[in-house]
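The values are calculated or read from the model by the stated rules, or taken from the named source; none is laboratory data. The shown structure was predicted, so the numbers you read here are calculated from the model rather than taken from an experiment. Here the Cβ is made from the backbone with ideal geometry for all residues, glycine too, and neighbour counts use every protein chain on show.
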Amino acid sequence: QFPEMNFGQPVASIGMADGVQQVSGSKKPVVAVIGDSTFLHSGITGLLDAVYNQAPMILVILDNRATAMTGGQQHPGTGFTLQGEVAPQVNLFEIVKALGVKRVYDVDSYDLDKTIEILTEASEIKEPTVLITSQPCVLYPEKLPPQPFDVDLDKCNACQVCLHIGCPSISHIDQTTEKGLHLVAIDPDTCTGCSLCDQVCPEDAIFEITHEHAPV
């Protein structure tokens, strides 16, 4: 959907995206990605500068309601203190709007088609645009319903498309096709049921495990 993309890990995120967009002269937007906790402790000023400079960039805030990079601690956006007590919960959408961003989208990152649609729309906007994607951190399974998926090996043609989403629960198995291509399997013990693999599979070979599909 988005050809000719380059990705780097410069750490600075928003501030660097703003600068790269200004000096590159590219008509294509630069996309910055930042977590909800990091945005609150060091990303707000960067976005304010991007609005001030009117950089045609896209910011994706990954709102998983946890400080995932350091162990899942609480932060001002979770509604709890580090001691687990109820605390005021800031609203990311309202903060972004208050900084002057005119186009802010709430995105379900597990709805792939809608996410691509919004990213495509945002790529045509010539000013800072923000997508807030909200899904719980997969390191905390109590936040996620146990709905694992499985692969119908009779339908799988080893196209490898599902592997491109980078899910650690999907891997090659020894079984191969007539052309010698390895089929894939999904580990039901680690699958969180996000359904992204099912959405990208062109052969309709991935399905949600229900009671009738459960092993006996």
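Kindly evaluate residue 156 against the criterion of being modelled with pLDDT of 95 or more, buried (at least 19 other Cβ atoms within 10 Å of the Cβ) and not charged (D, E, K, R). Spelling it out, residue 156 is indeed modelled with pLDDT of 95 or more, buried (at least 19 other Cβ atoms within 10 Å of the Cβ) and not charged (D, E, K, R). Is region 110-125 home to any residue that is within 20 Å of residue 37 (Cβ to Cβ), in contact (Cβ under 8 Å) with a residue 24 or more places away in the chain and touching a strand residue (DSSP E or B) at 6+ places or on another chain (Cβ under 7 Å)? No, that holds for no residue.
I need the full set of residues from region 176-211 which are among the polar types (S, T, N, Q) and at pLDDT below 95, in order please. If the condition is that a residue be among the polar types (S, T, N, Q) and at pLDDT below 95, then 176, 177, 190, 192, 195, 210 are the ones that fit. Set side by side, the residues 155, 114 differ, and just one is touching an Asp or Glu at 6+ places or on another chain (Cβ under 7 Å) and either aromatic (Phe, Trp, Tyr) or not in a loop (DSSP other than H, G, I, E, B) (or both), which is 114. Per this entry, residue 28 is counted among residues that are within 21 Å of residue 15 (Cα to Cα), in contact (Cβ under 8 Å) with a residue 12 or more places away in the chain and loosely packed, with under 15 Cβ neighbours inside 10 Å.
Spot the failing condition for residue 205; the list is (1) touching a Lys or Arg at 6+ places or on another chain (Cβ under 8 Å); (2) touching a residue at least 60 places away in the same chain (Cβ under 8 Å); (3) farther than 20 Å from residue 69 by Cα, and only one is missed. Only one criterion is unmet by residue 205, namely (2). Filtering region 196-207 to residues that are in contact with a strand residue (DSSP E or B) (Cβ under 7 Å, 6 or more places away or on another chain) and outside any strand (DSSP E or B) leaves 197, 198, 205. Filtered by the rule that a residue be loosely packed, with under 13 Cβ neighbours inside 10 Å and farther than 25 Å from residue 18 by Cα, region 109-137 gives a lone residue, 113. Based on this model, can you work out whether residue 88 counts as assigned to a loop (DSSP other than H, G, I, E, B), surrounded by 13 or more Cβ atoms within 10 Å (Cβ to Cβ) and of a type outside the set (Gly, Ala, Ser)? Here the answer is no, as residue 88 does not meet what is asked.
The set of residues from region 139-149 being within 17 Å of residue 110 (Cα to Cα) and either modelled with pLDDT of 75 or more or not hydrophobic (A, V, I, L, M, F, W, C) (or both) comprises 140, 141, 143, 145, 146, 147, 148, 149. Being without any contact (Cβ under 8 Å) to a residue 60 or more places away in the chain, in a strand (DSSP E or B) and surrounded by 13 or more Cβ atoms within 10 Å (Cβ to Cβ) is true of residue 185.
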